[in-house]
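Participant: The structure that follows is given in the form of structure tokens.
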There are 2 protein chains.
Amino acid sequence: MLSTMQDGRLSIAQILRQGTGPHGRSAEVVTWTDERPRRRDYATVGHRAAQLAHALRDLGITGDQRVGTFMWNNAEHLEAYFAVPAMGAVLHTLNIRLFPEQITYIANHAEDRVVLVDATLLPLFRKLLPQLRTVRHVVVAGGDGAVLDAPAGVEVHDYEELIAGRPTEFDWPDVDERSAAAMCYTSGTTGNPKGVAYSHRSIWLHSMQVCMSDGMALSQADRALSVVPMFHAMSWGLPYAAFMVGASLLMPDRFLQPDPLTRLIAAERPTMAAAVPTIWQGVLQHLEAEPRDVSSLREVVIGGAACPPSLMRTFEESYGIPVLHAWGMTETSPLGSVARPPAGTTGDRLWEYRASQGRLPAGVEARLVGDDGSVLPRDGSSVGELEVRGPWIAAAYYGDDDPEKFDDGWLRTGDVGYLTPDGFLHLTDRAKDVIKSGGEWISSVELENHVLGHPAVAEAVVIGVPDEKWTERPLVAVVLRDGQRVDAEELRTYLAERVARWQLPEYWAFVPEAPKTSVGKYDKKRLRQQHAEGALDVTRLS
Amino acid sequence: MLSTMQDGRLSIAQILRQGTGPHGRSAEVVTWTDERPRRRDYATVGHRAAQLAHALRDLGITGDQRVGTFMWNNAEHLEAYFAVPAMGAVLHTLNIRLFPEQITYIANHAEDRVVLVDATLLPLFRKLLPQLRTVRHVVVAGGDGAVLDAPAGVEVHDYEELIAGRPTEFDWPDVDERSAAAMCYTSGTTGNPKGVAYSHRSIWLHSMQVCMSDGMALSQADRALSVVPMFHAMSWGLPYAAFMVGASLLMPDRFLQPDPLTRLIAAERPTMAAAVPTIWQGVLQHLEAEPRDVSSLREVVIGGAACPPSLMRTFEESYGIPVLHAWGMTETSPLGSVARPPAGTTGDRLWEYRASQGRLPAGVEARLVGDDGSVLPRDGSSVGELEVRGPWIAAAYYGDDDPEKFDDGWLRTGDVGYLTPDGFLHLTDRAKDVIKSGGEWISSVELENHVLGHPAVAEAVVIGVPDEKWTERPLVAVVLRDGQRVDAEELRTYLAERVARWQLPEYWAFVPEAPKTSVGKYDKKRLRQQHAEGALDVTRLS
């Protein structure tokens, strides 16, 4: 028996209408600049998105063609976020921090027809353009007369000139809610980057989750600072969720350093902010040196990598700001789980819950799979690889098989950990980073967190290095805080009080900085490479 | 281009799994009784729902057959809420407060095969049973040996005996998310009651809306007191939403009088509670006479009828509890809008926002249609009939045309009012209750609210009565507070300072009680009838 309910297709156009209608004059996007911030209310964003859609149609964009963006977090990127999917085309956010050959591979694989580029990124983009085989138009935002020499067959436009004078309304077409709205590439388990194509439906459901009280609790009362880039897993869903409920958006553009970020916070008074741990580490260090008013923040969301407990404690104890630890990945839209402790939890239990990856919501079913493929119990101790499924989880990659990532309808996350009976996820490591030592698993992340607790240590990265007797043993690369000195022996003694004896690392290296990936995570692959090439100065303790 | 996201069908079974898994031991349903309350955690509810599903299969329930409930708000009704849709059948909540002939019409129209009945409702049900043509099994809950003589071909079972010893797990089938999960009948514009069949999808989306910060903000930290009956628009979605996030449910069973309700609140400490205005009027009056601790309530949700501003003020000013005014109807699942004032609103503006029907969320598109069928602007003054559409709005009635209720894909709500540019809905009347006086519309609700402001008045109901010169003129039926005396002249003088002269009612009647519908709303149809039959003692002022 069919229900009598409306088909009610979920669409980005409807999210846009909600943001620009009821919230059109009260909500705004603020884009940080060197000078005073640029402000634009959502009604104006909507008008300009309509103008952009008209312009893209005139450039020949039709059907489900892809429109790439090569941009920071700013108002123009936000306009593209809505114009492109709402007109029925597919937004493709290019990650500016990947290697050039990865970016060109991705743009060619997605067959981007038009690319919108921030003028400040032209030095980078200029080198890529000759390799972009399907691009016919480049639209430069914030150009101010910037010049880009284009190869034959490619036209260059100025964003403002292109949209000027066009109608500020667009008759957004009806779309199938399961059609692609936006794409984002990520590294698969092997080979080339892999594309995830979010649907209108998955984005809508995910946006609701972001706004749920037990999600990120985003509401009309919020001013959300999205430090997490719009080219990284859709800025964790904040732009669409913000338009759904009328929250304002604060966009740092290219000013991602601690000093401008803390100035932005003091001046624009965000109520919540989202970024990876390394950004927040920098912000806290800077605030110590140069105090600024961050009291507007009701909550700080940290994800993209495990958050060191010390970071959470500092936020809470020094600034009274609770940290919401979140877990997700490009393939999960990305909001998988957030760590809101159960009501009434206090003391150490509270910190255990906060340090976990959080509870998976109803939309994200989970199971743990052991080495032998068996499903493990959720008993708070059985460790296996996390697999998830649900309406905002990827089922495949775009035009590229990667069967190892999918297991009978479940996404293999590559994350290793355990689930508690009350549904909290505790990740102990990445499947590829776990150190296999004499038949036991040592969590590289756990060791890092312990070493980070030492007052002299600014950063710590742990990898497994080959060992004849044990297969692998841990190596710790340490970055010391400015002006601090400590040797490996002392750190090992410090660690010995905190982990089991058989987990104690023999190999230590002091490095001036930790290698990081394009999205700010520790780049363990590169560290392993440096070690293999003998580029690290390693101390061996016995 | 299709997205690469999972099909991820939305289902009641998955909501059940979330409630019984991660929240299985921390969340509970508390059913009030005369003596001490009955408690059952969600894991146990899940086990018993599985047992009930096995039992229903054994009784022959298969496919999308309908299982009716004739029950108060209690744990067994909750078990049916999950067991029936999760097994693929359709839950049909029968409204015990309708007239007997309406109930039998509805059960026969839906072709209910099995009906679950509370033992305390057997006196009522006993009279209906002989007229129920498709019912083959009656299951009596809380029976304790209660006897029900069944007609030939109908078997009677005891709920506990029926489920006892059955497996506590059920392999819930995969369902098409657009298939019917639950049904609820409502009065259409004409003729017989009309059935709305909610889908798994519409219930899922609606549950998320209930949990959104700008919705009812239901979270795992909540203990939700659902006074609104489970046979009335799915208890405003609270049971499913509570399982989705792990909020506890407090169920009053048949104890809906102010005294047991206030005892329940003091003892079980709900954080939120939902009911129609008349229930809250009674609760406040009772609290005045007999103070009890209601401080656990973070918010009180009032809907089902317009909430008198005086009621909101009393809650806020005497008890420090903000009222969340909500609008919806059976056809809207029912959550249409809630009145959360924009952040930073203060003073009189705050109360204007609170008294409105609230802001329609992204999932509920709205338009106002004038007498001539034209769409009116959202200018805060143009008054028309509200039409809505969206993924949890009915597109039709089950097996019964009522084309007047639907307009080119929009649901005609029968509510009349205006929309502000910032998206707040202000209903001024029901289309059928508006008083058409000399080409102008007089809002019956507005007059009621003003009369209610008089200290001697307990209740006020306004209807239009035929008038030769003006077509219609308002009649006010007044219920005085105990021990209070006031005459029509004085009330009219009081009103003259508050409304335009041409709106001032000529007709006044003092009545011992206001006629109410089965769901506690003023029954204006009956009042009109009483007036037509000369049953009211009417004073005419000039």
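The values are calculated or read from the model by the stated rules, or taken from the named source; none is laboratory data. These figures come from a predicted structure and were not determined experimentally. Cβ placement follows ideal geometry from the backbone for every residue including glycine, while neighbour counts extend to all protein chains displayed. What goes into the accessible areas is simple: the full protein's heavy atoms, side chains included, and nothing from ligands, DNA or RNA. Shrake-Rupley method; radii C 1.70, N 1.55, O 1.52, S 1.80 Å.
Participant: What number of residues within region A:449-463 satisfy the criterion of being of a type outside the set (Val, Ile, Thr) and open to solvent by less than 10 Å² (accessible area, probe 1.4 Å)?
Facilitator: Within region A:449-463, residues that are of a type outside the set (Val, Ile, Thr) and open to solvent by less than 10 Å² (accessible area, probe 1.4 Å) number 2.
Participant: Out of the strands (runs of 3 or more DSSP E) lying entirely within region A:222-323, which hold 1 or more residues that are open to solvent by less than 20 Å² (accessible area, probe 1.4 Å), within 14 Å of chain B (Cβ to nearest Cβ) and under 18 Å from A:Arg40 (Cα atoms)?
Facilitator: So the answer is A:223-226, A:248-251.
Participant: How about region B:422-444: which of its residues are open to solvent by less than 30 Å² (accessible area, probe 1.4 Å) and more than 14 Å from chain A (Cβ to nearest Cβ)?
Facilitator: Those that are open to solvent by less than 30 Å² (accessible area, probe 1.4 Å) and more than 14 Å from chain A (Cβ to nearest Cβ): B:Asp429, B:Asp433, B:Val434, B:Ile435, B:Ser437, B:Ile442, B:Ser443, B:Ser444.
Participant: Among what's in region A:7-18 and is modelled with pLDDT of 95 or more and at the interface with another protein chain (Cβ under 7 Å from one of its Cβ atoms), pick the residue that is nearest to B:Lys194 (Cα to Cα).
Facilitator: Once the filter is applied, the top-ranked residue is A:Leu10.
Participant: I need the full set of residues from region A:183-212 which are more than 18 Å from A:Gly336 (Cβ to Cβ), buried (at least 24 other Cβ atoms within 10 Å of the Cβ) and small (Gly, Ala, Ser), in order please.
Facilitator: A:Gly195, A:Ala197, listed by residue number.
Participant: For region B:166-179, does any single residue satisfy the condition of being open to solvent by less than 10 Å² (accessible area, probe 1.4 Å), more than 23 Å from the chain's Cα centre (by Cα) and within 14 Å of another protein chain (Cβ to nearest Cβ)?
Facilitator: yes
Participant: Here's another thing I want to ask about it. I'm trying to understand the selection: among the residues of region B:376-408, which are under 24 Å from A:Met5 (Cβ atoms), exposed (fewer than 13 other Cβ atoms within 10 Å of the Cβ) and free of Cβ contacts under 8 Å to residues at least 40 places away in the same chain?
Facilitator: B:Asp401, B:Pro403, B:Asp408
Participant: When you check B:Gln484 against the structure, is it among the polar types (S, T, N, Q), open to solvent by 20 Å² or more (accessible area, probe 1.4 Å) and free of Cβ contacts under 8 Å to residues at least 12 places away in the same chain, yes or no?
Facilitator: Criteria not met by B:Gln484.
Participant: OK, next. Out of contact with any strand residue (DSSP E or B) (no Cβ under 6 Å at 6 or more places or on another chain), touching a residue at least 12 places away in the same chain (Cβ under 8 Å) and of a type outside the set (Lys, Arg): does that describe B:Leu541?
Facilitator: yes
Participant: Determine the pairs where a residue that is facing chain A (nearest Cβ under 7 Å), located within region B:191-217, has a partner that is assigned to a helix (DSSP H, G or I) and surrounded by fewer than 24 Cβ atoms within 10 Å (Cβ to Cβ) with Cβ atoms under 7 Å apart, the partner being 6 or more residues away or on another chain.
Facilitator: Hits for this filter: B:Val196/B:Thr330.
Participant: In region B:406-417, how many are touching a Lys or Arg at 6+ places or on another chain (Cβ under 8 Å) and either within 27 Å of A:Met208 (Cα to Cα) or more than 11 Å from every other protein chain (Cβ to nearest Cβ) (or both)?
Facilitator: 7
Participant: Here's something else I'd like to know. Looking only at region A:500-516, count how many residues are surrounded by 16 or more Cβ atoms within 10 Å (Cβ to Cβ) and modelled with pLDDT under 90.
Facilitator: Final tally of qualifying residues: 1.
Participant: How do the pairs read when you match residues in region A:449-469 that are touching a residue at least 40 places away in the same chain (Cβ under 8 Å) and closer than 12 Å to A:His531 by Cα with residues anywhere that are part of a helix (DSSP H, G or I) and of a type in the set (D, E, K, R), using Cβ under 6 Å and keeping only pairs 6 or more apart or on different chains?
Facilitator: A:Val462/A:Glu448; A:Ile463/A:Lys524; A:Ile463/A:Arg528
Participant: Would you check if there is a residue in region B:200-222 being polar (S, T, N, Q), closer than 30 Å to B:Leu122 by Cβ and at pLDDT 95 or above?
Facilitator: No, that holds for no residue.
Participant: Could you look through region A:335-348, keep only residues that are over 21 Å from the mean Cα position of the chain (by Cα) and away from chain B (no Cβ under 13 Å), and pick out the one that is least open to solvent (accessible area, probe 1.4 Å)?
Facilitator: By that ranking, first place goes to A:Gly347.
Participant: So, in region B:359-379, exactly how many residues are small (Gly, Ala, Ser) and more than 25 Å from B:Gln209 (Cβ to Cβ)?
Facilitator: Residues flagged as small (Gly, Ala, Ser) and more than 25 Å from B:Gln209 (Cβ to Cβ) within region B:359-379 amount to 3.
Participant: Run A:Leu419 past the list (1) surrounded by 22 or more Cβ atoms within 10 Å (Cβ to Cβ); (2) farther than 26 Å from B:Leu205 by Cβ; (3) touching a residue at least 60 places away in the same chain (Cβ under 8 Å) and report the number of the one that doesn't hold.
Facilitator: Every condition holds for A:Leu419 apart from (3).
Participant: Still on this structure, I have one more. Go through (1) in contact with a strand residue (DSSP E or B) (Cβ under 8 Å, 6 or more places away or on another chain); (2) in contact (Cβ under 8 Å) with a residue 24 or more places away in the chain and name the single condition A:Gly320 misses.
Facilitator: Result: A:Gly320 fails condition (1) only.
Participant: Counting residues that are open to solvent by less than 10 Å² (accessible area, probe 1.4 Å), in contact with a strand residue (DSSP E or B) (Cβ under 8 Å, 6 or more places away or on another chain) and aromatic (Phe, Trp, Tyr), which strands (runs of 3 or more DSSP E) fully inside region B:1-88 reach at least 1?
Facilitator: Those strands (runs of 3 or more DSSP E) span B:66-70.
Participant: Looking at region B:430-542, what strands (runs of 3 or more DSSP E) fall wholly within it and have at least 2 residues that are touching a Ser or Thr at 6+ places or on another chain (Cβ under 7 Å) and more than 28 Å from B:Phe99 (Cβ to Cβ)?
Facilitator: Passing ranges, in order: B:435-437, B:471-480.
Participant: A follow-up question, please. Any idea how many residues of region A:21-51 are in contact with a helix residue (DSSP H, G or I) (Cβ under 6 Å, 6 or more places away or on another chain), within 14 Å of chain B (Cβ to nearest Cβ) and hydroxyl-bearing (Ser, Thr, Tyr)?
Facilitator: Qualifying residue count for the region: 1.
Participant: Please give the strands (runs of 3 or more DSSP E) falling wholly within region B:100-163 in which 2 or more residues are open to solvent by less than 20 Å² (accessible area, probe 1.4 Å).
Facilitator: B:112-118, B:137-141
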